[in-house]
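Engineer: Structure incoming, see below.
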Amino acid sequence: MKLLPPRRAGRRFVLGAAVLLWQLSATAQAVEPISLGLAIAGAAASALTGIISYPKLYCYFAHCCLHKPGARSGTVLQEGLDDQLFGQHLAKKVIVKSLTGFLNNPNPKKPLTLSLHGWTGTGKNFASRIIVESLFEGGLNSKFVHQFVSTLHFPHQQNISQYKDQLQMWIRGNVSSCPRSVFIFDEMDKMHAGLIDSIKPFLDYYEELDGVSYRKAIFIFLSNAGAEKITEVALDFWRRGKRREDLSLRDLDLTLSVFNNKNSGFWHSSLIDKHLIDYFVPFLPLEYKHVKMCIRVELESRDYEVDEDIVTQVADEMTYFPKEERIYSDKGCKTVCTKLDFYL
């Protein structure tokens, strides 16, 4: 039997329902008017129920936010991180395990809340983009993904009360429309202290709040807070001759560093105090070899053949720290694109 494509199958199903109603109406002379009305109404309800019992067909008729096929397996996410995120073995492991575990839990007790920490250019924004691309068609452009930048959306300290109300209304409205919504908060280190606590109820262990369940939503915070601690531990490992890949999450406990950082949006935040952030994800400073990897990928993305001379020249132009050892790129891979423009 030849299978129909989903769109054609849906249309054929609706057409079949219409034919059924026409056949019923053809027997009108043999059926009392009231009985006929009930029969047609019943057939219509059955047809509609049959249609909406199929998720893909249901999305033709209603607002739908299904994840991409295969999102729960984590394969697409893992491949995206492996191909595009370099030098971040800890971040990859935590992100893949936490996200796949959450998506495969049919009844999560709370939303998944990840907080990504590290210096600029280490891959935090990159990782959040890869996450949403593995979940929804359109990635960051999906109507189910909502991104906030502190300096853009919450610039003025004197308006903090207004921001709190707006933020709560925005999250409530979007989760009501799509329980699987993703919210990304960038530049958390520049967010006014106390503002992020306004969303605490949405991250807590509640079945529902005013008739809305937030338990299937995902919240991602991006911050430079704790970067000093991450670099300190990584540099100590390097100086003791240990492998970078041997660093574990136990070596990088960021909770206190973030909680007590006065320049962080998490300054004395109840989100940390009440243990509502599920994972603090460390992004390690990038080494010379990782910068070269970023350059190669950027060349390939522009359909250029990888020229190792250009790769070396661009990598050598970056600045590194500490001043004596010159181990880590002070901007990570952030300026690779603009520096590469000079050679291309």
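The values are calculated or read from the model by the stated rules, or taken from the named source; none is laboratory data. Everything numeric in this text was worked out from a predicted model, so none of it was measured. As a convention, Cβ positions derive from the backbone with ideal geometry for all residues, glycine included, and neighbour counts pool all protein chains shown. Surface accessibility is based on the protein's heavy atoms, side chains included, excluding ligands, DNA and RNA. Shrake-Rupley method; radii C 1.70, N 1.55, O 1.52, S 1.80 Å.
Engineer: Could you state the accessible area per residue of region 164-209 in Å², with a 1.4 Å probe and every protein chain left in place?
Structural biologist: 43 Å²
Engineer: Which entries in 110/216; 68/124; 229/331; 200/229; 68/110 show an alpha-carbon gap greater than 19 Å?
Structural biologist: 68/124; 200/229; 68/110
Engineer: Same structure again: Restricting attention to region 167-214, which chymotrypsin sites (Phe, Trp or Tyr not before Pro) occupy a DSSP loop and are surrounded by at most 11 other Cβ atoms within 10 Å?
Structural biologist: Filter output for region 167-214: 205.
Engineer: Then there is this: Net charge near residue 75, counting Lys/Arg +1 and Asp/Glu -1 over other residues with Cβ under 14 Å of its Cβ?
Structural biologist: 0
Engineer: Still on this structure, I have one more. Amide H of residue 332 versus every other amide H placed in the peptide plane: which residues, excluding those fewer than 5 positions away on the same chain, fall under 5 Å?
Structural biologist: The answer is 286.
Engineer: Once the piece of chain linking residue 302 and residue 289 is laid out straight, how much longer is it, given 0.36 nm per residue of separation minus the C-alpha distance between them?
Structural biologist: 2.6 nm
Engineer: Related question: Fully extended, how many nm does the chain gain between residue 137 and residue 344 (0.36 nm per residue separation, minus their Cα-Cα distance)?
Structural biologist: 71.4 nm
Engineer: Counting other Cβ atoms within 10 Å, which trypsin sites (Lys or Arg not before Pro) in region 72-122 have at most 10 and lie in a DSSP loop?
Structural biologist: Sparse-neighbourhood loop trypsin sites (Lys or Arg not before Pro): 109.
Engineer: Once you charge only the Cβ atoms, +1 for Lys and Arg and -1 for Asp and Glu, what is the size of the charge dipole of region 108-219 about its Cα centre, to the nearest 20 debye?
Structural biologist: Computed about the Cα centre, the dipole is about 160 debye.
Engineer: Then there's this: Pick out, in residue order, every one of the chymotrypsin sites (Phe, Trp or Tyr not before Pro) in region 58-141 that is DSSP loop and has at most 11 other C-beta atoms within 10 Å; say none if there are none.
Structural biologist: Filter output for region 58-141: empty list.
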